[in-house]
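Since the structure comes first, as structure tokens, the remarks are kept for the end.
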Amino acid sequence: MPLKGYKPTKEHKEHLSKSHLGYVMPERQKRRIGEALKGGNNTSFQKGHIPWHKGKEFSQMIGNSYAKGLEPWNKGTKGIIKANSGSFKKGHKIARDKDSWAWKGDNAGYSALHKWIYNPWCLGRPKICEHCGVTAKETKLYWANKNHKYKRDLSDWISLCAKCHKAYDKNKFGGKAKLWQVMVQTN
């Protein structure tokens, strides 16, 4: 469809006429074009036009699938779970860690390593802050990476509360916190 206000050039008209050489328009299409040019039955918004669905029930409009008298395909299946080919099968082993197709090893990102460390087959949830001794019941605890290189080494993680974790990161990245000088020397 041409853009509004576009007037084809003489070369463009010649090119179009050459591209349509040998094309025979079907009679049905000629008739429709003629009706449209005359202002005949070309639109559904003319005065007195009756829509195709007027007086029909919904079931008639969408086909016979919901027509009266037909039994639905799922009648009598209430409470029955039908397994499909993608369902979990009994005895199926879930691929974890190195067996998983998405395993990246040490190339995993920051957030992926933090999710991995919280898994029950790794270190799980921290129970106690290794610096101040606060328990998980008192405050939320986090896993902090000791050397900030984020490798999949379970001995390279310590559990800390939010206050100690912040102080540890400040000390590691050149902050003024001196809280961790003793602990860093012992590890």
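Values in this text are rule-based calculations from the coordinates and carry no lab data. What you see is a predicted model; the values in this text were computed from it and never measured. Methodologically, a virtual Cβ is constructed for each residue, glycine included, from the backbone with ideal geometry; neighbour enumeration extends over all protein chains shown.
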For the stretch 106-119, what does the Karplus curve 6.51 cos²θ - 1.76 cosθ + 1.60, with θ = phi - 60°, yield as ³J(HN,Hα) per residue in whole Hz, taken in order and with x for Gly and Pro? 6, 8, 5, x, 4, 5, 5, 5, 5, 5, 5, 5, 7, 5
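Could you calculate the contour length gain from residue 152 to residue 103, that is, 0.36 nm times the residue separation minus the distance between their Cα atoms, to one decimal place in nm?
Working: separation 49, 0.36 × 49 = 17.64 nm, distance 1.18 nm.
Answer, rounded to one decimal: 16.5 nm.
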Per the rule of 0.36 nm per residue minus the C-alpha distance, extending residue 132 to residue 24 adds in nm 30.0 nm
Where Lys and Arg each count +1 and Asp and Glu each count -1, what net charge lies around residue 34 among other residues with Cβ under 12 Å from its Cβ? +3
Taking the number of other C-beta atoms within 10 Å as the exposure measure, put 166, 4 in order starting with the fewest. 4, 166
Among 24, 134, rank each residue by its count of other Cβ atoms within 10 Å, from fewest to most, as a rough exposure measure. 24, 134
